[in-house]
1. Here is a list of conditions, (1) free of Cβ contacts under 8 Å to residues at least 60 places away in the same chain; (2) assigned to a strand (DSSP E or B), and Val202 meets all of them except one; can you say which number that is?
2. Here are some residues: Ala119, Ala136, Ala100, Ala93. Which one is more than 26 Å from Ala180 (Cβ to Cβ), surrounded by 21 or more Cβ atoms within 10 Å (Cβ to Cβ) and either among the basic types (Lys, Arg) or at pLDDT 95 or above (or both)?
3. If a residue has to be open to solvent by 80 Å² or more (accessible area, probe 1.4 Å) and either touching an Asp or Glu at 6+ places or on another chain (Cβ under 9 Å) or in contact (Cβ under 8 Å) with a residue 24 or more places away in the chain (or both) to count, how many in the range 65-85 make the cut?
4. Taking the range 223-257 on its own, how many of its residues are surrounded by fewer than 17 Cβ atoms within 10 Å (Cβ to Cβ) and either more than 21 Å from Arg207 (Cβ to Cβ) or not charged (D, E, K, R) (or both)?
5. Answer yes or no as to whether Gly175 is modelled with pLDDT of 95 or more, open to solvent by 10 Å² or more (accessible area, probe 1.4 Å) and out of contact with any Gly (no Cβ under 9 Å at 6 or more places or on another chain).
6. Would you check if Glu198 is surrounded by fewer than 14 Cβ atoms within 10 Å (Cβ to Cβ) and either touching a strand residue (DSSP E or B) at 6+ places or on another chain (Cβ under 7 Å) or within 25 Å of Gly261 (Cα to Cα) (or both)?
7. If the requirement is being in contact (Cβ under 8 Å) with a residue 24 or more places away in the chain, over 17 Å from Gly112 (Cα atoms) and not β-branched (Val, Ile, Thr), which of these qualifies: Cys208, Cys149?
8. Identify all residues within the range 258-272 that are surrounded by 10 or more Cβ atoms within 10 Å (Cβ to Cβ) and either of a type in the set (A, V, I, L, M, F, W, C) or modelled with pLDDT under 95 (or both); write none if there are none.
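The values are calculated or read from the model by the stated rules, or taken from the named source; none is laboratory data. Everything numeric in this text was worked out from a predicted model, so none of it was measured. Neighbour counts are summed over all protein chains in view; Cβ atoms, including those assigned to glycine, are modelled from backbone coordinates with ideal geometry. With ligands, DNA and RNA removed, areas are computed over all heavy atoms of the protein, side chains included. Shrake-Rupley method; radii C 1.70, N 1.55, O 1.52, S 1.80 Å.
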Amino acid sequence: MPGFLPGSGVVSASRAGAVSGPASRAAAGSVPASGSEAASGSAHAARAAGGPAWRADPYALALRAGRGPLFLRRPDGWLLPLDVERWCAGTDAADESVLARCHGAVLDIGCGPGRLVAALAGRGHRALGIDVTPAAVTRTARRGGTALCRSVFDPLPGERRWDTALLIDGNIGIGGDPAALLERTADLLAPGGRLVAEAAPVEVDERCEVRLDDGRGTLGAPFPWARVGLRALLGHAEAAGWRTVRSWTLAGRPFAELAPGPRRGAAAPAPAGAAP
């Protein structure tokens, strides 16, 4: 059921800083009790996750409308279209391939308008979305999901107790540093947990500063972002100690299921035959 967090019992929206349906509660509680993602975490975390940039009008207005145009703009003028309409629609076949690999309690990092969180909740999963945008959190709640307005780099409920983490729709780019994001995600997973991540549909490995652009002259604040294709994603994961469980591509969208390596600081297993 929505709002049931791993290892912590039932957490109400008011206590967790989350919101969950119906719409009336969503409208009244679209931000965490701390007031904002930046207030509840460090300034570095807010900047790394995009901070106020994703709360700016171009993105929030697009989510409220359920459609674009919306782009990420690099300093050289290159534009990456963002698929707002797909994010605000129901799950498609590629999404279903991700949902089929979710088990236990699921954390959707950068949940956007909540199609995956709502789908998981509807299937009986304990699922929580996190997003730095209040409009995304509100929309998730209106779909029947539970979401928290917070950065992945902030303290989160159920740390080291999530069975599945999701980084879908390009969210491996959060913070502009895939290695740092993978390290943080590993700290959120329970023993035996898995990450399902989506890569860019082209082979690329870039980190850059971008702005949100509504295609009509309105730009958001600059923030760091990364784009990695499947080969680069698997390379970053291997360098960070992750193991590739499987990878696949469906409808032009590449995915990987990853298992983290041993935690830093964990005791090494004793040699065979050693005294206890």
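1. Result: Val202 fails condition (2) only.
2. On the way: Ala136 fails: more than 26 Å from Ala180 (Cβ to Cβ); Ala100 fails: surrounded by 21 or more Cβ atoms within 10 Å (Cβ to Cβ); Ala93 fails: surrounded by 21 or more Cβ atoms within 10 Å (Cβ to Cβ).
Step by step, each of Ala119, Ala136, Ala100, Ala93 is checked, and only Ala119 is more than 26 Å from Ala180 (Cβ to Cβ), surrounded by 21 or more Cβ atoms within 10 Å (Cβ to Cβ) and either among the basic types (Lys, Arg) or at pLDDT 95 or above (or both).
3. Looking only at that region, the number is 2.
4. Going residue by residue through the range 223-257, those that are surrounded by fewer than 17 Cβ atoms within 10 Å (Cβ to Cβ) are 231, 235, 238-239, 241, 243-252.
Narrowing further to those that are either more than 21 Å from Arg207 (Cβ to Cβ) or not charged (D, E, K, R) (or both): 235, 239, 241, 243-252.
Counting residues in the range 223-257 that are surrounded by fewer than 17 Cβ atoms within 10 Å (Cβ to Cβ) and either more than 21 Å from Arg207 (Cβ to Cβ) or not charged (D, E, K, R) (or both) gives 13.
5. no
6. Numbers: surrounded by fewer than 14 Cβ atoms within 10 Å (Cβ to Cβ): no; either touching a strand residue (DSSP E or B) at 6+ places or on another chain (Cβ under 7 Å) or within 25 Å of Gly261 (Cα to Cα) (or both): yes.
Judged against the criteria, Glu198 is not a match.
7. Being in contact (Cβ under 8 Å) with a residue 24 or more places away in the chain, over 17 Å from Gly112 (Cα atoms) and not β-branched (Val, Ile, Thr) holds for just one of Cys208, Cys149, which is Cys208.
8. Once the filter is applied, which keeps residues that are surrounded by 10 or more Cβ atoms within 10 Å (Cβ to Cβ) and either of a type in the set (A, V, I, L, M, F, W, C) or modelled with pLDDT under 95 (or both), the range 258-272 yields Leu258, Ala259, Gly261, Pro262, Arg263.
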